[in-house]
1. Quick check: is even one residue across region 68-88 in contact with a helix residue (DSSP H, G or I) (Cβ under 8 Å, 6 or more places away or on another chain), farther than 17 Å from Val2 by Cβ and among the charged types (D, E, K, R)?
2. Regarding Ala49, is this residue buried (at least 21 other Cβ atoms within 10 Å of the Cβ), out of contact with any Lys or Arg (no Cβ under 9 Å at 6 or more places or on another chain), closer than 22 Å to Gly9 by Cα and modelled with pLDDT of 95 or more?
3. Kindly provide the set of residues from region 25-69 that are out of contact with any Leu (no Cβ under 8 Å at 6 or more places or on another chain) and of a type in the set (D, E, K, R), ordered by number.
4. Which members of region 58-86 meet the condition of being open to solvent by 20 Å² or more (accessible area, probe 1.4 Å), over 11 Å from the mean Cα position of the chain (by Cα) and either closer than 17 Å to Gln13 by Cα or of a type in the set (S, T, N, Q) (or both)?
5. Which residues, counting only those in region 4-43, are in contact with a Ser or Thr (Cβ under 9 Å, 6 or more places away or on another chain), open to solvent by 40 Å² or more (accessible area, probe 1.4 Å) and at pLDDT 95 or above?
6. Determine which member of the set Ser85, Ser30, Ser21 is out of contact with any strand residue (DSSP E or B) (no Cβ under 6 Å at 6 or more places or on another chain), touching a residue at least 40 places away in the same chain (Cβ under 8 Å) and not in a loop (DSSP other than H, G, I, E, B).
7. Can you name every residue in region 101-118 that is of a type outside the set (D, E, K, R) and open to solvent by 60 Å² or more (accessible area, probe 1.4 Å)?
Amino acid sequence: QVQLVESGGGLVQAVGSLRLSCAASGRTFSSYAMGWFRQAPGKEREFVAAISPSGGVRYYADSVKGRLTISRDNAKNTVYLQMNSLKPEDTAVYYCAASGGGDRRDSRVYDYWGQGTQVTVSS
């Protein structure tokens, strides 16, 4: 069992930055791929970024490449999402999730989810 708790969301102006954190419980954090997803009002949840268990492979949605960076610290059981050059269309609830395997871009392969943290980008 893995419990995930996100933090770091808030209100920021366009072109600003935020860093989201996701703290995981349990001793098996380093065996899970981790992902970030987001859901805007009235829209479906969408993939943002994912990172392999060791941190050596990263995946990004095209809409965030070059602006958002996923990383992890297995010693701290934490995954991060550094968000730069934010745009109003990045406004959403951001969720982190843990996956035991499969296509990292597919939300269905994720077994555990956090409660989400709100990110609001004003223009």
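1. As a first pass, look at region 68-88 and keep what is in contact with a helix residue (DSSP H, G or I) (Cβ under 8 Å, 6 or more places away or on another chain): 74, 77, 83.
Then keep just the ones that are farther than 17 Å from Val2 by Cβ; that gives 83.
After this cut, where a residue has to be among the charged types (D, E, K, R) as well, the list is none.
No: region 68-88 contains no residue that is in contact with a helix residue (DSSP H, G or I) (Cβ under 8 Å, 6 or more places away or on another chain), farther than 17 Å from Val2 by Cβ and among the charged types (D, E, K, R).
2. So Ala49 fails the test.
3. Selection gives Arg27, Arg38, Lys43, Glu44, Arg45, Glu46, Arg58, Asp62, Lys65.
4. Passing the criteria: Ser63, Arg67, Asn74, Asn77, Asn84, Ser85.
5. Val5, Ser7, Leu11, Gln13, Val15, Ser17, Ala23, listed by residue number.
6. Values: Ser85 fails: not in a loop (DSSP other than H, G, I, E, B); Ser21 fails: out of contact with any strand residue (DSSP E or B) (no Cβ under 6 Å at 6 or more places or on another chain).
Going through Ser85, Ser30, Ser21 in turn, just one is out of contact with any strand residue (DSSP E or B) (no Cβ under 6 Å at 6 or more places or on another chain), touching a residue at least 40 places away in the same chain (Cβ under 8 Å) and not in a loop (DSSP other than H, G, I, E, B): Ser30.
7. Here is the first cut: in region 101-118, the residues of a type outside the set (D, E, K, R) are 101-102, 107, 109-110, 112-118.
Matches in region 101-118: Trp113, Gln115, Gln118.
The values are calculated or read from the model by the stated rules, or taken from the named source; none is laboratory data. These numbers come from a predicted model, not from an experiment. Heads up, the Cβs are rebuilt from the backbone with ideal geometry, glycines too, and the neighbour counts pull from every protein chain shown. The protein model used for the area step is the full one, side chains on, heavy atoms only, and it has no ligands, DNA or RNA in it. Shrake-Rupley method; radii C 1.70, N 1.55, O 1.52, S 1.80 Å.
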